[in-house]
Number of protein chains: 2
Amino acid sequence: MSGNNITKLSTGVSGVKTTVSDTDRLVAELRRRIVNNQMPPGSRLREYELAEEFNVSRSRVRDAFGVLEERGLIERIPNKGAVVMRLEADSFLELFDLREVLEGLMVRLATENAAPEYWDELIDLFGPELAQAVEKNDFNAYLAAIAKFRQTCINAAGSTMLAGVLDDLYDRVLAMTRRLMLVPGRASEGFRQHQEILQAMKAGDVVLAEELKRANIRSARSWFMKYSDFLL
Amino acid sequence: MSGNNITKLSTGVSGVKTTVSDTDRLVAELRRRIVNNQMPPGSRLREYELAEEFNVSRSRVRDAFGVLEERGLIERIPNKGAVVMRLEADSFLELFDLREVLEGLMVRLATENAAPEYWDELIDLFGPELAQAVEKNDFNAYLAAIAKFRQTCINAAGSTMLAGVLDDLYDRVLAMTRRLMLVPGRASEGFRQHQEILQAMKAGDVVLAEELKRANIRSARSWFMKYSDFLL
DNA sequence: GCAGAATATATTGTTGACAATATTATCGGC
DNA sequence: GCCGATAATATTGTCAACAATATATTCTGC
């Protein structure tokens with residue numbers, strides 16, 4: 001096995017990139033493992049080990065580590081190796097502050113740009129069926145719906161830069177959301193908030209939609225602070 | 001020359017990193033050249049060429065390209081090479097939207113955290129002397145003052161995540177600021193706005209400070225739109 | 001048995017050589 | 001002279017071997 005190894009493939013997600021390399025696949029898989037806590041914070045990542053597992057050279061693993069580090073998912077200490085970044089309470093709070101202004105902007109731009117009908121699909125998704133699933137603690141369904149909401153908004157917002165920044169933070173947001181959802185009552189509250197936001201967006205009420213989204217994050221923040229002892 | 005080559009050195013800027021590698025130095029220098037337009041958009045970056053110039057191996061250059069790409073300063077096309085990213089009008093407008101919420105947040109957090117006296121130094125810096133320099137089109141002095149303002153705020157805000165996001169965008173902000181300053185009248189207006197923001201910050205008026213900073217960016221945005229024909 | 005030095009092992013950091021690909025130059029036919 | 005095919009060159013992509021460093025183990029004197 002030698003030489004170049006880039007398979008043509010569209011990434012699907014509004015991407016400019018049309019090729020996916022070994023490095024990209026590595027990054028994706030390692031991201032997944034870290035966010036899913038299969039590799040909990042503090043875990044060591046050994047280059048050779050991963051190189052063998054994925055049948056790639058150490059250089060690819062090393063490249064992947066580079067972007068993972070840039071994204072703040074791992075920490076690299078010279079000559080010692082890479083460990084999964086530990087998320088402190090402080091950085092969670094910082095993350096909420098950032099999300100408040102950024103996701104608020106996202107919703108504002110999306111509301112400005114999209115026609116009212118654009119939101120019908122999402123409004124349908126956030127319907128009675130999902131409501132029941134949330135009550136029954138079907139977190140995967142809820143998580144998928146939230147991801148869909150996010151992606152639909154980003155597409156409508158139409159700002160590649162905003163999309164990039166949100167994407168940079170996404171891993172950490174996901175890691176936190178997964179935990180926060182476990183707190184009794186939070187999921188159903190978040191669900192209702194999303195319904196309200198969607199109504200405002202369909203109504204084209206730019207200001208209200210942004211404010212509701214910001215309130216949504218602030219609410220999540222206060223839940224987090226209340227239960228931080230359990231969540232960290 | 002072979003083997004590891006990492007010189008111990010503190011980065012100074014509130015950094016967690018305490019070492020600076022060849023790659024880091026490369027990134028810094030290339031950033032500088034790109035932002036200063038010594039490497040205008042569309043320029044091609046050849047790996048071997050740079051490797052020779054900096055007396056490093058191509059791998060280091062390649063690593064540097066990786067972070068430059070992640071930062072959106074260059075674009076890498078497989079088997080073709082790296083070119084300096086071309087900044088389109090759209091992305092400038094996107095950048096203004098982002099700056100409005102992010103720098104607003106920066107000022108808000110900074111105002112919340114810092115004591116009134118903290119701002120005296122900056123208020124002094126943005127005094128009559130600098131005002132005169134701005135009138136005389138001494139752009140370097142103004143640019144340095146703005147950079148100082150930014151850094152002081154980031155330090156006071158105390159959010160490493162926000163600092164990271166702002167840093168990611170900094171190169172593009174700088175590139176744009178340098179051009180926008182050339183527009184007659186913009187620099188002195190921006191100067192006055194910074195004075196007002198600082199007054200609000202010293203007064204501890206969190207809401208007003210944030211709103212003034214946001215207005216500052218919106219104002220810059222409208223100047224840009226008006227003169228975009230000359231600036232692009 | 002234990003602290004500290006010396007050795008062995010594991011792991012990361014770096015490089016130069018080679019493969020794959022794209023770009024440019026050359027050449028023959030019309 | 002111009003166009004397409006073919007060869008030559010330049011440039012990037014990948015890897016495997018080696019160097020440097022950190023960690024674990026063994027040894028030694030007490």
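In table form, for the structure just shown:
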quantity: For A:ASN140, inter-copy label distances in nm, listed shortest first [label point 7 Å out on the Cα-Cβ vector]; calculated: 6.3
quantity: For region B:94-109, Karplus couplings with θ = phi - 60° (6.51, -1.76, 1.60), whole Hz, Gly/Pro x; calculated: 4, 4, 4, 4, 5, 4, 4, 6, 6, 6, x, 4, 4, 5, 4, 4
quantity: At 7 Å out from Cα toward Cβ: B:GLY185 inter-copy label distances (nm, ascending); calculated: 5.6
quantity: Region B:30-101 - Rg and Dmax from Cα coordinates, angstrom; calculated: 13.6, 42
quantity: Positive-pole candidate from B:ASN79, A:LEU130, B:VAL183, dipole of the protein assembly as shown, charges at beta carbon; calculated: B:ASN79
quantity: Simple spin-label estimate for B:ALA203 and B:ASP138 in nanometres, 7 Å along Cα-Cβ; calculated: 2.9 nm
quantity: Degrees between helix A:186-203 axis and first principal axis of chain A (Cα, 0 to 90, nearest 10); calculated: 70 degrees
quantity: Descending semi-axes in Å of region B:97-232, equivalent ellipsoid built from Cα gyration tensor; calculated: 23, 18, 13
quantity: Separation of alpha-carbon centers, region B:61-99 and region A:120-160, rounded to whole Å; calculated: 32 Å
quantity: Spacing of the two label points (7 Å from each Cα toward its C-beta) at B:GLN195 and A:PHE230, in nm; calculated: 5.5 nm
quantity: When each of A:LYS148/A:LYS202; B:LYS148/B:LYS202; A:LYS148/A:LYS213 is checked by Cα-Cα distance, pairs over 22 Å; calculated: none
quantity: Nm distances between copies for A:ASN55, ranked from closest, using label points 7 Å along Cα→Cβ; calculated: 4.4
quantity: For chain A: rounded, prolate or oblate by the Cα gyration tensor [a/c cutoff 1.5]; calculated: prolate
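None of the figures in this text is laboratory data; all of them are computed from the coordinates on show. Everything quoted here is computed from the prediction, not taken from an experiment. When we count neighbours, we look across all protein chains shown, and the Cβ atoms used for this are built from the backbone with ideal geometry, even at glycine.
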